[in-house]
Amino acid sequence: MGVGGALFAHHVRFLAPITFDPLLATFVIWAMLMVGGSANNWGAVLGAFLVWGIWSGTQFLPGPLGEPSFRLFMIGVLIVGVIALRPGGVLGEERRTAREAPQAQAAGEG
């Protein structure tokens, strides 16, 4: 991590506390897991694409629609919509019953 931090500092050439904004480090990642479904690996990937698509896509909108506060609002609307319609996330949780577990282990999946 130290080498990565040194390379990052060399790349941006100036570090300030705002560089490490907790918004991107915590909220956006948490939102990605909430939207996709934290109990499913593919759900987490899909949630990452959906949230990052909103975050990146809205920056090209004109006027106040391209501001970061609008982006956060859109991600919030997405989270509320997903929680209202699919509480487990877009893909939800992969449920396995006890009958499936021995078969999955025999096939090398578990």
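Of all residues in the range 40-63, those being surrounded by 14 or more Cβ atoms within 10 Å (Cβ to Cβ) and on the phi > 0 side of the Ramachandran plot number 0.
Residues in the range 1-59 that are part of a helix (DSSP H, G or I) and more than 23 Å from R71 (Cβ to Cβ): G2, V3, G4, G5, A6, L7, F8, A9, H10, H11, N41, W42.
Per the listing V77, V90, V82, the residue uniquely part of a loop (DSSP other than H, G, I, E, B), hydrophobic (A, V, I, L, M, F, W, C), closer than 24 Å to M34 by Cα and at pLDDT 65 or above is V90.
Restricting G66, G37 to residues that are surrounded by 12 or more Cβ atoms within 10 Å (Cβ to Cβ), in contact with a helix residue (DSSP H, G or I) (Cβ under 7 Å, 6 or more places away or on another chain) and without any contact (Cβ under 8 Å) to a residue 40 or more places away in the chain narrows the list to G66. Taking the range 12-34, which residues are open to solvent by 100 Å² or more (accessible area, probe 1.4 Å) and either within 20 Å of the chain's Cα centre (by Cα) or at pLDDT 85 or above (or both)? F20, W30, listed by residue number.
Checking the structure you have, find out if any residue of the range 17-32 is of a type outside the set (D, E) and touching a Gly at 6+ places or on another chain (Cβ under 7 Å).
Yes, some residue in the range 17-32 is of a type outside the set (D, E) and touching a Gly at 6+ places or on another chain (Cβ under 7 Å).
The values are calculated or read from the model by the stated rules, or taken from the named source; none is laboratory data. This one's a predicted model, so the numbers in the text were calculated from it and none came from an experiment. A quick note on method: Cβ atoms are made from the backbone with ideal geometry, for glycine too, and the neighbour counts reach across all protein chains shown. Note: accessible area is taken over every heavy atom of the protein model, side chains too, but ligands, DNA and RNA are not part of it. Shrake-Rupley method; radii C 1.70, N 1.55, O 1.52, S 1.80 Å.
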